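A short reminder: the numbers here are calculations on the coordinates, not readings from a lab. For clarity, every value in this text was computed on a predicted model and none was experimentally measured. Glycine gets a Cβ as well: all are built from the backbone with ideal geometry, and neighbour counts include every protein chain shown.
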């Protein structure tokens, strides 16, 4: 008799607790870049390039490749916006700076360039806060991807304290 009651209780608990574990992953919380920080990174990137005499576009995407901020300097070509976004997306896709990925994976560069929204060129840098990949910045318009990346690097360095403390664990 006692065994029967224990079995019934066990069965009831299984049906009560099972949905909790089944639905535990239905809600996902992520750590991604916010609009204000994205805007400031894009703005600082353009400012850094202006100091070097370059007119560029800077696009910041979140960890999913969604645009959070996009700025085009007054004299930058309109095409630089698209190229900057594609560089940022490449960085998010590979989770490495786009120039490093380009150098490491020349064997698949042409294939990736045919995927909508991606381009394998130098000028995309990842944005990391508290150990989390929160987004990427892509830059286009300077005479060379190395100069694009340098402008983004200066902006990220300038805002490093704010970026590092953007994540509260």
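Taking the beta-carbon count within 10 Å as an exposure proxy, list 114, 55 from fewest neighbours to most.
Listed from fewest to most nearby Cβ atoms, that is 114, 55.
How much length, in nm to one decimal, is gained on full extension between residue 153 and residue 106, taken as 0.36 nm per residue of separation minus their Cα-Cα distance?
14.6 nm
Tell me, in nm to one decimal, what length is gained between residue 30 and residue 67 on full extension, where the rule is 0.36 nm per residue of separation less the Cα-Cα distance?
Here the segment from residue 30 to residue 67 would lengthen by 11.7 nm.
What number, in percent, do you get for the relative contact order of the range 35-164 if the mean sequence gap of Cα pairs under 8 Å and at least 6 apart is divided by its residue count?
29 percent
Between the range 88-123 and the range 31-76, how far is it from one alpha carbon centroid to the other, in angstrom?
Rounded to whole Å, the Cα centres lie 19 Å apart.
Mind ordering 67-80, 147-160 by average Cβ neighbours within 10 Å, highest first?
Per-residue mean Cβ counts within 10 Å order the peptides as 147-160, 67-80.
What ranking do 90, 35 get, fewest neighbouring Cβ atoms within 10 angstrom at the top?
35, 90
Would you work out if the range 35-164 is rounded, prolate or oblate? Take a ≥ b ≥ c from the square roots of the eigenvalues of the alpha-carbon gyration tensor; rounded if a/c is under 1.5, else prolate when a/b is larger than b/c, oblate otherwise.
Because a/c hits 1.5 or more and a/b fails to exceed b/c, the range 35-164 counts as oblate.
Taking the highest mean first, how do the peptides 134-140, 116-122 order by number of other beta carbon atoms within 10 angstrom per residue?
134-140, 116-122
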